[in-house]
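A.B. asks: Okay, handing you the structure first.
The values are calculated or read from the model by the stated rules, or taken from the named source; none is laboratory data. This one's a predicted model, so the numbers in the text were calculated from it and none came from an experiment. Positions of Cβ are generated from backbone atoms using ideal geometry, with glycine treated the same way; all protein chains shown enter the neighbour counts. Note: areas computed on protein heavy atoms with side chains; ligands, DNA, RNA excluded. Shrake-Rupley method; radii C 1.70, N 1.55, O 1.52, S 1.80 Å.
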Amino acid sequence: MKIMVMEEIMSCNEELAEANRADFAAGRITVVNVMASPGAGKTSLIMELLGRLSGELPFSVIEGDIASAIDAEKIEAMGIPVIQINTGGGCHLDANMIKEAVTELHPKDDSILFIENVGNLICPSTFDLGETIRLVIASVPEGHDKPYKYISMFEAADVIILSKTDLLPYVRFDKENFVKGIRALNQKAPLFEVSCTTGEGLEKVAEWLKEIARVNKLKVRR
Ligand SMILES: Nc1nc2c(ncn2[C@@H]2O[C@H](COP(=O)(O)OP(=O)(O)OP(=O)(O)O)[C@@H](O)[C@H]2O)c(=O)[nH]1
Ligand SMILES: [Mg+2]
């Protein structure tokens, strides 16, 4: 009985995610679902990318957290349209939450929409939101073994970011082992190394994202 209910929830989410995907394609909107564990640096990365690209492209942001509007307030202070979703205990965002948020947010055509998922390396990977890109962050202080333990998250990623690289001199983190773990699961996703403290590597991610948005617009026009 429990299994049947779960299957229904998943298939209902899939349908809604496909409807979201069609709406985003109609507006040529590139949607980046940002996933990582709590405190890995999701908001910091989004803010750094907004700072680098907001003059060039229109942006909006959906913030997902169990409680509080702390992250949305940071984005709002940058003058970027933002909606905060509080899941009230739920460990991930789902396609229906995104549908409702987008109805209120009205992201501009030809824009980029960042969705910061709830901090969690497990559940968000199984709930499609209708996104274009699944961006997964692993931060140096979490340790190099994360791809070996949280397989589905790294398997499903379209791009992987190793963040907080400024902490490498202070933390036991075997980068070779980390990369080996990632590549055993996912050979395709580009892997970027960044520090939001020093700015290292952020320009490369910004350029990559710009190119993704350009290609996505061409693709959805066809
Ligand atoms: N040293 C260092 N600290 C960082 C870096 N990026 C983020 N931080 C710090 O890490 C902490 C968490 O960063 P956030 O960006 O709020 O992380 P988050 O993943 O959005 O956190 P939640 O939304 O709570 O899950 C903050 O104190 C940041 O200043 C980095 O590149 N280097
Ligand atoms: Mg955050």
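A.B. asks: Using beta carbons and a limit of 7 Å, which pairs, at least six apart or on different chains, have the first residue in region 106-130 and closer than 19 Å to T87 by Cα and the second one more than 16 Å from ligand 2 (Cβ to nearest atom) and of a type in the set (D, E)?
C.D. replies: I115/E131; F127/D94; D128/E14; G130/E18
A.B. asks: Among (1) open to solvent by 10 Å² or more (accessible area, probe 1.4 Å); (2) aromatic (F, W, Y); (3) within 17 Å of I46 (Cβ to Cβ), which single condition is F127 missing?
C.D. replies: F127 satisfies all of (1) open to solvent by 10 Å² or more (accessible area, probe 1.4 Å); (2) aromatic (F, W, Y); (3) within 17 Å of I46 (Cβ to Cβ) except (3).
A.B. asks: Here's a follow-up. Output the number of residues of region 160-190 satisfying the condition of being in a helix (DSSP H, G or I), in contact with a Ser or Thr (Cβ under 6 Å, 6 or more places away or on another chain) and open to solvent by 50 Å² or more (accessible area, probe 1.4 Å).
C.D. replies: From region 160-190, those in a helix (DSSP H, G or I) are 165-170, 175-185; that's our starting set.
Keeping just the survivors that are in contact with a Ser or Thr (Cβ under 6 Å, 6 or more places away or on another chain) gives 165-166.
From the residues that got through so far, the ones that are open to solvent by 50 Å² or more (accessible area, probe 1.4 Å) too are none.
Number satisfying all stated conditions: 0.
A.B. asks: Can you tell me which residue among E200, E193 is touching a Leu at 6+ places or on another chain (Cβ under 6 Å), open to solvent by 50 Å² or more (accessible area, probe 1.4 Å) and farther than 30 Å from A26 by Cβ?
C.D. replies: Working: E200 fails: touching a Leu at 6+ places or on another chain (Cβ under 6 Å).
After ruling out the rest, the residue left standing is E193.
A.B. asks: How about region 28-42: which of its residues are more than 23 Å from T197 (Cβ to Cβ) and surrounded by 18 or more Cβ atoms within 10 Å (Cβ to Cβ)?
C.D. replies: Kept after step one, since they are more than 23 Å from T197 (Cβ to Cβ), are these residues of region 28-42: 28-31, 33.
I29, T30, V31, N33 - these are the residues of region 28-42 that are more than 23 Å from T197 (Cβ to Cβ) and surrounded by 18 or more Cβ atoms within 10 Å (Cβ to Cβ).
A.B. asks: While we're here: Does E100 fit the bill of being part of a helix (DSSP H, G or I), under 29 Å from K219 (Cα atoms) and more than 16 Å from ligand 1 (Cβ to nearest atom)? Before the answer, list the steps.
C.D. replies: Details: part of a helix (DSSP H, G or I): yes; under 29 Å from K219 (Cα atoms): yes; more than 16 Å from ligand 1 (Cβ to nearest atom): yes.
Yes.
A.B. asks: Related question: Among the candidates L45, L93, L57, single out the residue that is part of a loop (DSSP other than H, G, I, E, B), buried (at least 22 other Cβ atoms within 10 Å of the Cβ) and of a type outside the set (G, A, S). Give the steps one after another, and end with the answer.
C.D. replies: Working: L45 fails: part of a loop (DSSP other than H, G, I, E, B); L57 fails: buried (at least 22 other Cβ atoms within 10 Å of the Cβ).
When all the criteria are applied, what remains is L93.
A.B. asks: Just to be sure before I move on: is E56 farther than 28 Å from L202 by Cβ, away from ligand 1 (no atom under 13 Å from the Cβ) and of a type in the set (D, E, K, R) in the structure I sent?
C.D. replies: no
A.B. asks: Something else now. Among what's in region 64-79 and is more than 12 Å from L50 (Cα to Cα) and among the β-branched types (V, I, T), pick the residue that is farthest from ligand 1 (Cβ to nearest atom).
C.D. replies: Ranking the qualifying residues of region 64-79, first place goes to I66.
A.B. asks: Quick one: is A157 within 17 Å of the chain's Cα centre (by Cα), assigned to a helix (DSSP H, G or I) and either modelled with pLDDT under 95 or crowded, with 20+ Cβ neighbours inside 10 Å (or both)?
C.D. replies: Answer is no for this residue.
A.B. asks: Are any residues in region 139-153 closer than 23 Å to V31 by Cα, away from ligand 2 (no atom under 16 Å from the Cβ) and in contact with a strand residue (DSSP E or B) (Cβ under 6 Å, 6 or more places away or on another chain), and if so, which ones?
C.D. replies: M153
A.B. asks: Enumerate the pairs (first residue in region 207-218 and over 14 Å from R134 (Cβ atoms) and touching a residue at least 12 places away in the same chain (Cβ under 8 Å); second residue anywhere and open to solvent by less than 70 Å² (accessible area, probe 1.4 Å) and in a helix (DSSP H, G or I)) with beta-carbon separation below 7 Å, excluding pairs fewer than 6 apart on the same chain, so at least 6 apart or on different chains.
C.D. replies: Short answer, once both residue conditions are applied: K210/L53.
A.B. asks: For region 24-41, which residues satisfy the criterion of being within 16 Å of ligand 1 (Cβ to nearest atom) and either among the aliphatic types (A, V, I, L, M) or free of Cβ contacts under 8 Å to residues at least 40 places away in the same chain (or both)? Don't jump to the end; show me each part of the working.
C.D. replies: Kept after step one, since they are within 16 Å of ligand 1 (Cβ to nearest atom), are these residues of region 24-41: 32-41.
Within region 24-41, V32, V34, M35, A36, A40 meet the criteria.
Rundown of residues vs (1) in a strand (DSSP E or B); (2) within 11 Å of ligand 2 (Cβ to nearest atom); (3) farther than 22 Å from M153 by Cβ; (4) out of contact with any strand residue (DSSP E or B) (no Cβ under 8 Å at 6 or more places or on another chain), yes/no style:
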{"position": "G39", "(1), (2), (3), (4)": "no, yes, no, no"}
{"position": "L49", "(1), (2), (3), (4)": "no, no, no, no"}
{"position": "E63", "(1), (2), (3), (4)": "yes, yes, no, no"}
{"position": "A67", "(1), (2), (3), (4)": "no, no, yes, no"}
{"position": "A72", "(1), (2), (3), (4)": "no, yes, yes, no"}
{"position": "I80", "(1), (2), (3), (4)": "no, no, yes, no"}
{"position": "I83", "(1), (2), (3), (4)": "yes, no, yes, no"}
{"position": "G89", "(1), (2), (3), (4)": "no, no, no, yes"}
{"position": "E104", "(1), (2), (3), (4)": "no, no, yes, no"}
